[in-house]
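Here is the structure we will look at, set down as structure tokens.
The values are calculated or read from the model by the stated rules, or taken from the named source; none is laboratory data. Owing to the predicted nature of the structure, the values given are computational and were not obtained by experimental measurement. Neighbour counts run over all protein chains shown; Cβ positions are idealised from the backbone, glycine included. Side chains are part of the model used for accessible areas, which takes the heavy atoms of the whole protein and leaves out ligands, DNA and RNA. Shrake-Rupley method; radii C 1.70, N 1.55, O 1.52, S 1.80 Å.
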Amino acid sequence: MKLLEKVRKFMYERYGIDDLYCFLFGICIFLCFLNIFMKNNIIGLLELIVFFYAFFRLFSKNGNARRKENRMYLNMKEKIKRPFEVIIKNRKDKEHIYKKCRKCKTILKFPLPAKRGMKIAKCPKCQNCISFYAFKYQKIEIIKDKKSIKI
Ligand SMILES: [Zn+2]
């Protein structure tokens, strides 16, 4: 109990875990595995630097600076993810089709069409015509009654 209290006292006012810490820790583990197979001193050094930087951030008392770093990391992550946004949304949501308007760059969400094939839609923002080929289509499930099977 005393040790737990000591740890709690030590961590009080310290920055703690955030997204950047998790990312750095992930990189550290990845470099660890890479170094097992490659046994390179440069990778080992890089791994140590990342490890100490992650722990420096974890125990830092300068919360404002760490929050600023984390915000920069999140903004950068968002910028990297943006070109793949439509692909990610199409993968996650199986009920709709997402398409980006070429003129105004708005992401449009269409309900899944009943048939496959060429579809034409109008962007509500700039009235630009968007044509796309729907590979996906609504699945119509046929449910049989137990009674009908018996007959
Ligand atoms: Zn548009």
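Odds and ends about this structure:
- Restriction of the trypsin sites (Lys or Arg not before Pro) in region 19-127 to DSSP coil positions whose beta-carbon has at most 13 other beta-carbons within 10 angstrom yields Lys39, Lys61, Lys94, Arg102, Lys103, Lys105, Lys115, Arg116, Lys125.
- Alpha-carbon centroids, region 1-37 and region 61-121: separation in whole Å: 30
- The mean accessible area for residues of the chain, using a 1.4 Å probe and ignoring ligands and nucleic acids, is 86 Å² per residue.
- Split the chain at each of the chymotrypsin sites (Phe, Trp or Tyr not before Pro) in a DSSP loop with at most 14 other beta carbon atoms within 10 Å, and the longest piece is 13-134.
- Computed as a quarter of the hull surface, the mean projected area of the alpha carbon convex hull for the chain stands at 20.3 nm².
- Separation of the alpha carbons by more than 25 angstrom is noted, of Lys92/Lys119; Lys68/Lys100; Lys89/Lys115; Lys89/Lys125; Lys99/Lys136; Lys6/Lys61, for Lys68/Lys100.
- For GluC sites (Glu not before Pro), the sites in region 1-101 that DSSP calls loop and that have at most 11 other Cβ atoms within 10 Å are Glu13, Glu95.
- Estimated translational D of region 2-83 in µm²/s (Stokes, Kirkwood radius over Cα pairs; 20 °C; 1.002 mPa s): 149
- Considering region 82-131, its Cα convex hull presents a mean projected area of 3.6 nm².
- Share of carbon and sulfur in the accessible heavy-atom surface of the chain [1.4 Å probe, %]: 62
- For region 49-54, 3J(HN,Hα) computed residue by residue from phi via the Karplus equation (6.51, -1.76, 1.60; θ = phi - 60°) reads 4, 5, 4, 5, 5, 4 Hz, glycine and proline entered as x.
- Phe52/Glu85 FRET efficiency (R0 30 Å; Cβ-Cβ; nearest 0.05): 0.30
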